[in-house]
1. Please identify the pairs in which a residue from the stretch 335-355 that is over 18 Å from Phe302 (Cβ atoms) has its Cβ atom under 7 Å from the Cβ atom of a residue that is open to solvent by 90 Å² or more (accessible area, probe 1.4 Å), counting only partners at least 6 apart or on another chain.
2. Restricted to the stretch 260-284, and to residues that are outside any helix (DSSP H, G or I) and polar (S, T, N, Q), which residue is nearest to the chain's Cα centre (by Cα)?
3. Hey, among the residues in the stretch 188-222 that are among the β-branched types (Val, Ile, Thr) and assigned to a helix (DSSP H, G or I), which one's farthest from Leu236 (Cα to Cα)?
4. So which residues in the stretch 47-65 are open to solvent by 50 Å² or more (accessible area, probe 1.4 Å) and more than 20 Å from Asn242 (Cβ to Cβ)?
5. Across the stretch 503-538, which residue is surrounded by the fewest Cβ atoms within 10 Å (Cβ to Cβ) among those that are within 13 Å of the chain's Cα centre (by Cα) and assigned to a loop (DSSP other than H, G, I, E, B)?
6. Restricting to the stretch 79-94, count the residues that are under 21 Å from Arg229 (Cβ atoms) and assigned to a helix (DSSP H, G or I).
7. Please specify each residue of the stretch 162-175 satisfying the condition of being at negative phi, surrounded by fewer than 23 Cβ atoms within 10 Å (Cβ to Cβ) and either touching a His at 6+ places or on another chain (Cβ under 9 Å) or among the small types (Gly, Ala, Ser) (or both).
8. Every residue in the stretch 249-294 that is over 18 Å from Gly87 (Cβ atoms) and polar (S, T, N, Q), please.
Amino acid sequence: MSSEPQKTCPAVCNNEKQESFARRSVNYEPTSWSADTFITHTVPIQKLKDWNEARIRELKEQASSILGSTTDPVEMVNLIDTIEHFGIGYHFKREIHDALLHLHDANLLSWDLHHVATRFRLFRQHGFNASSDVFLNFKDDQGNFDENISKDPKGLLSLYNAGYLATPGEGILADAISFARGHLSLMLDDLRSPLKKQVLRSLKIPLHQILPRVEARFYIEEYDEEESRDGILHELAKLDFNTLQSLHLEEMKILSLWWKNLNIGENLKYARDRLLEGYFIFALPLYFEAEYSRARIMNAKFLALATIVDDTFDVFGTYEECKLLNDAIQRWDEKAVDFLPMYLRKFCHQFIKTVNNFEDELEPSEKYRMPYIVKSVQTLVAGNMQEVEWHASSCAPSFHERKTPALDGNIGSFVVGFPFLGLQREVITKEIFQWLNAIPDVAMDSMRIMRYTDEFVSYERESKSGQGPTSFECYKMEHKLTKEETTMKFQSFCEDAWKRINQACISPADVPMTVLEIFVNMGRMMETFYVYFNDGFNKTSSVKKIISQLLLEPFSL
């Protein structure tokens, strides 16, 4: 695949800056939810809370016993795969790790494509160094994948999904994806559900790149159609899903009350109201487990306010207003708010106050994080201001000049900032925060996926809004490409970034896998909500159904 170009072209700018320019406007799709949806919503009571908790404990013990007593390698791989499809793997991290370690050390040979491919994928997803040479056994004398496996849809699907765990330079996995995709597409009409549903979903977004919580919702429903089912795991999956759903709904209620009490949208009608979408698309996907509730709430609050900042710089503020807003954020002083126009004063005051108040929610041993957080906000806003400077100067920057604030400006808030602010000290140490502050390669690659996916998905909408040229537009003009050619190029940038992230997750030494999984989930949330669900943050109607399924509709027991 192509890598990012290293050549740069000089920016083209007028010598004189336009000291003011007309306000712009964008017809953003309104949120699909009323202000009180999550304040007034109640979950249908199916069982008493005490009964649910006791039943979950009982089922977890039974599932753990099954994991511990399973000795057949094929059965073990299928069992772990089912558990992870259900989204309950986090309950059995130690058991799964021990089982995979045993399988990895055993170095078992097999001619079953489904087993080999699934085992390979599970190894890599859990940080084990598995060789892609295992797929050489399925190639013919000419080095092509053997046509004898083309009649095995389950094996082909597993091969296809395994291919997306590739690291740089693994041509055999690129061949695997191409071979499996071609044959799966041809046999779609002959497949039966649930396999057909799983193939259709994977062809649109491979298993490794879909969010586990979304996959769990689909898979739990589809499991009823399986010929052989594990009733213990299925019941546990439903109960666990419903329990977490109740917690997530309570978090949305807390956030909705906070947002309603702020009442800052009355003077900011130009900005998107994206409290729910911010929580659902950018906070919940990073960590859905119960212990990360504080982190989700903090992250969602910041995202709701940061969206207004973004819209102020992108589509509404004049040059002078944007400069004053940037100055106030760089000074980080509520007194600087007094110099802002009236419509921004209350918002900016609440923005600074909200971020500062996060310190009160941190433990004494966690308060060292706040200087990093403030700096990340200032970096984000400075990146926005750079884009305004270009627009005000009628400047057409080169691709590399244009992408620097797009990446670095967002890296501060998305990497050394809010996703990690509310995590427990057992997960994030001071040393890890310092590692994050150095912007490790895995963080930059995660941000590349976020930025480039956003740009090729939302290119047409942004080009009509009157904003300055995006990185997508700069690259398109600079290399004289069509929109379709530029989209393919940006997709290749994302594919390369995924491979480097996969490499970083193999036998990691610097930080625990828990931290790296957050970066993986950053990429997954873009694949899921911007590609699979068609720019769900801006086209909110495209995610209304899945939001209902994940937050409002429990499974029947």
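The values are calculated or read from the model by the stated rules, or taken from the named source; none is laboratory data. Only a predicted model underlies this, so the values are computations on that prediction, with no experimental measurement involved. Don't worry about glycine lacking a Cβ; one is built from the backbone with ideal geometry, like all the others, and counts go over all protein chains shown. Quick note on the areas: whole protein, heavy atoms, side chains included, nothing else; ligands and nucleic acids left out. Shrake-Rupley method; radii C 1.70, N 1.55, O 1.52, S 1.80 Å.
1. Tyr343/Asn267
2. Residue satisfying both the conditions and the ranking: Asn263.
3. Per the criteria, the residue is Val199.
4. Correct list: Ser65 only.
5. If we take residues in the stretch 503-538 being within 13 Å of the chain's Cα centre (by Cα) and assigned to a loop (DSSP other than H, G, I, E, B), then Asp535 is surrounded by the fewest Cβ atoms within 10 Å (Cβ to Cβ).
6. Of the residues in the stretch 79-94, the ones under 21 Å from Arg229 (Cβ atoms) are 79-89, 91-92.
Okay, now just the ones that are also assigned to a helix (DSSP H, G or I), so 79-85, 89, 91-92.
Going through the stretch 79-94 one residue at a time, the tally reaches 10.
7. From the stretch 162-175, those at negative phi are 162-168, 170-175; that's our starting set.
Filter again for surrounded by fewer than 23 Cβ atoms within 10 Å (Cβ to Cβ), leaving 164, 167-168, 170-175.
Listed by number, the residues that qualify are Tyr164, Gly171, Ala174.
8. Within the stretch 249-294, Ser256, Asn261, Asn263, Asn267 meet the criteria.
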